[in-house]
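The values are calculated or read from the model by the stated rules, or taken from the named source; none is laboratory data. The shown structure was predicted, so the numbers you read here are calculated from the model rather than taken from an experiment. Cβ coordinates were reconstructed from backbone atoms using ideal geometry, including for glycine residues, and neighbour counts include every protein chain displayed.
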Amino acid sequence: MDYEILKHPDEVLKYVSQVSSIADDNKRSFGFLANSAYEQMAAKGQLWVVVNGGKDIKGYLMFGGTMPTLKVFQIYVCQSTRGDRVGSKLIDALKCFAEESGYHTISARVATDLPANSFWDKQEFETISQVDGGGSGSTKRRINVRCFSIEGNDLFGGLSQYKSELVPSSPILSKPFYALDLNLLLDITKGRDGCNQITDLMRLSFQGDFTLCATPELKKELARQASQFQDDPAMRLAAMLPELKSKDDVEKIAKTLKEIVFPSRKSSRKSAQNDESDVMHLAYCISAGIHGFVTREKAMLRAFHVIKDRYDVAILSPDELLPDDNEILTIPELRNEEVSFYESKDSKELRLFLEQFSVSSQVLSDVFNTSPVRGDKNIYEAKTDDGTLFGFYFFHKPIKSTGIAQALLCVDENCNKSVVVIDHFLEQALRYKTDYIYRLNIYIGKNQSITDETLRKKGFFKADDHYVKIICNLFLDNKNWLRFKKDLKALLGFSVQDKLPSKRELIHTGVHFKSKSGVDKVLSWFDFETVISPRFIVNADRDCILVPIQENYAIGLIGNVKKQFSLLSVHEKTLLLEKAYFRSKNKASLFKKGGIVAFYVSGSKSIQEIIGFARITYSNVITVDEAFIKLDRQGILTRDELRSVADKDSKLHAFTFDNFFEFDKRVSFSKSKKLKLISNANLVSPEKINTEKLKVLIKEAFHE
């Protein structure tokens with residue numbers, strides 16, 4: 001439906017009484033203003049009204065302020081228009097007005113507990129600080145001060161003063177996935193120029209550097225041409241590639257993409273069908289959320305920046321994925337190498353290995369220091385099955401008096417098992433337990449881009465020449481929040497609010513941080529719990545899912561779960577930062593991102609216990625084929641094992657989890673019954689327990 005934004009006072013004044021009435025009905029969000037205030041803003045041209053074709057009011061925006069900041073006072077959109085981007089159109093129009101009028105920034109104040117925060121996130125308004133709002137006592141609300149920079153008008157860099165690299169990103173870990181354009185496959189089958197590049201890309205994919213896949217559109221294109229060939233080699237080649245899932249939003253995305261990629265091309269032109277296929281390829285990539293699309297189509301490559309900024313999907317030429325200096329030609333034949341982990345000792349081989357990473361002499365002195373008063377160190381190395389050293393991990397355990405632990409992680413990321421080693425060593429670091437909060441400083445070598453990305457996704461902040469993470473020893477609640485606040489300030493120099501945010505604030509805003517240098521940042525609930533992981537917040541309505549898991553599956557998933565072995569021991573079974581659990585679709589709706597699970601291990605007479613907590617990072621009902629596309633890094637079962645779990649349509653429930661945290665004291669089946677944690681169903685399928693039962697479980701497992 002078409003909407004019109006009325007801006008001129010003569011047009012807007014007749015709607016003032018309706019605007020005032022709407023605002024009165026939404027006092028929780030807007031507060032109270034007299035009708036005359038709306039009349040004054042309309043007269044100034046600072047009250048805009050959105051109407052439909054019948055001239056019915058469907059939303060409004062009221063703003064004001066003085067140079068250099070334009071302030072949003074109120075914005076409202078009728079429920080009947082939600083999804084039509086009416087609010088976004090109002091803000092886009094305001095951004096244009098601000099730019100033309102010479103304003104530097106636009107600001108908005110939004111209560112931390114309001115759902116409207118998600119709208120402002122989408123409009124790219126950053127939370128730069130939090131302040132106390134109106135009210136008193138328990139009703140006093142905190143306010144997010146949000147700003148958008150008009151970069152062309154701000155000579156001092158917009159909001160750059162507020163930006164900080166110390167921001168953990170979403171901890172969903174992945175290996176890059178790229179979809180191939182049809183013409184690249186045809187380069188191989190027809191022996192055209194560039195076929196060697198595509199062959200090299202496939203070799204890198206088989207080696208594990210990234211995964212190549214096909215969109216449904218690629219196979220549709222081939223099917224349209226199949227009638228011309230009795231045996232189409234491109235069709236056979238495409239059949240080898242995993243295929244992205246078709247989704248309902250693809251057509252809508254493709255329509256928008258056509259205006260971006262081919263804005264001046266007519267639909268009647270000879271190659272119009274090729275244009276349609278090109279944007280459909282890209283639409284599938286965006287819908288599936290993969291990393292990029294590989295093509296040589298010039299119009300699409302020219303649109304790289306717009307597509308990347310808007311959809312976070314890269315459009316790449318084959319050359320961009322190939323190593324420099326033809327390094328791929330020196331890659332040895334692909335072998336199914338296994339990785340082994342060993343306790344390491346000082347050696348010439350090790351010192352030569354570390355030299356290539358330019359590790360500082362100060363860190364190396366800690367690694368090789370043999371003084372008996374500086375003990376409590378773990379040194380491990382990773383080698384391929386032919387004995388090649390390609391990973392090293394050093395961990396100097398924290399001292400309670402200082403609250404600081406130090407680590408070094410050096411991994412040759414050119415090796416196809418580098419991700420496994422990175423995950424294994426970091427998981428070891430994050431599973432180390434103490435009865436006090438401490439700071440983990442971790443150093444990495446130069447040119448470790450995968451390690452850098454993984455650290456940021458696991459809640460590490462970048463600080464000078466190393467990375468920092470807080471390792472919390474508390475399940476946070478209202479009682480211990482001030483203690484956590486004090487420790488956080490002492491160890492990282494970060495400040496948080498005096499009270500644990502309410503559940504509404506956690507959902508709609510998150511947790512507000514202020515650095516020692518005055519930088520403000522707000523972390524979502526999920527990202528905050530990544531920072532304090534493996535512990536989490538226990539607030540009102542925080543529940544937990546008890547998940548039964550067979551002993552043989554648990555050993556492969558979380559490590560050796562037998563009592564006589566430590567989960568921290570060095571064994572050949574790698575520890576993954578995120579793991580994938582596959583099950584039937586039954587009760588899949590219980591599992592939500594950010595939710596807490598507790599694993600109950602069964603299947604033998606020796607182990608029938610709840611052994612530890614973990615956090616859900618992803619949950620969905622997917623096909624067996626999708627499991628191989630989405631969850632490669634999290635550990636995939638064989639196709640036969642997945643099919644045994646899947647239904648007749650080849651669908652199953654998959655959820656991934658991180659932050660596995662073993663109980664200090666495991667809770668037996670009989671004790672769980674006595675504590676009324678388990679129902680009479682004997683825990684044969686997942687069961688949700690409420691906040692009170694979760695607190696009982698924590699008290700029993702950790703003596704808290």
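Elements of the type helices (runs of 4 or more DSSP H) sitting completely within the range 361-469 and holding at least 2 residues that are surrounded by 20 or more Cβ atoms within 10 Å (Cβ to Cβ) and on the phi < 0 side of the Ramachandran plot: these cover 418-430, 449-457. Within the range 650-669, restricting attention to residues that are over 30 Å from Thr454 (Cα atoms) and not polar (S, T, N, Q), the residue that is surrounded by the fewest Cβ atoms within 10 Å (Cβ to Cβ) is Lys665.
A single entry from Ser118, Ser138 fulfils the requirement of being more than 30 Å from Met240 (Cβ to Cβ), outside any loop (DSSP other than H, G, I, E, B) and modelled with pLDDT of 75 or more: Ser118.
Restricting to the range 178-210, name every residue that is in contact (Cβ under 8 Å) with a residue 24 or more places away in the chain, assigned to a helix (DSSP H, G or I) and touching a helix residue (DSSP H, G or I) at 6+ places or on another chain (Cβ under 7 Å). The answer is Leu182, Leu184, Leu185, Leu186, Ile188, Thr189, Gln197, Ile198, Asp200, Leu201, Arg203, Leu204. Check whether at least one residue in the range 326-333 is modelled with pLDDT under 80, surrounded by 13 or more Cβ atoms within 10 Å (Cβ to Cβ), in a helix (DSSP H, G or I) and out of contact with any strand residue (DSSP E or B) (no Cβ under 6 Å at 6 or more places or on another chain), and report yes or no. Yes, the range 326-333 contains at least one residue that is modelled with pLDDT under 80, surrounded by 13 or more Cβ atoms within 10 Å (Cβ to Cβ), in a helix (DSSP H, G or I) and out of contact with any strand residue (DSSP E or B) (no Cβ under 6 Å at 6 or more places or on another chain). One residue stands out among those in the range 497-522 that are touching a helix residue (DSSP H, G or I) at 6+ places or on another chain (Cβ under 7 Å) and buried (at least 20 other Cβ atoms within 10 Å of the Cβ): the one that is farthest from Ala429 (Cα to Cα), which is His508. Considering only residues in the range 576-597 that are of a type in the set (S, T, N, Q) and in contact (Cβ under 8 Å) with a residue 40 or more places away in the chain, the one that is nearest to Lys688 (Cα to Cα) turns out to be Asn586. When residues of the range 294-310 are filtered for being crowded, with 19+ Cβ neighbours inside 10 Å and either assigned to a helix (DSSP H, G or I) or in contact with a His (Cβ under 8 Å, 6 or more places away or on another chain) (or both), how many remain? Total meeting the criteria: 3.
Answer yes if at least one residue in the range 595-612 is at pLDDT 90 or above, outside the structural domain of Phe206 (by TED's automatic domain parsing), outside any strand (DSSP E or B) and under 26 Å from Leu426 (Cβ atoms), and no otherwise. Yes, the conditions are met somewhere in the range 595-612.
Of the residues making up the range 670-687, those that are surrounded by 15 or more Cβ atoms within 10 Å (Cβ to Cβ) and within 35 Å of the chain's Cα centre (by Cα) number 6.
When Asp647, Asp625, Asp640 are checked against the criterion of being surrounded by fewer than 18 Cβ atoms within 10 Å (Cβ to Cβ), touching a residue at least 40 places away in the same chain (Cβ under 8 Å), part of a helix (DSSP H, G or I) and among the charged types (D, E, K, R), Asp625 stands alone in meeting it.
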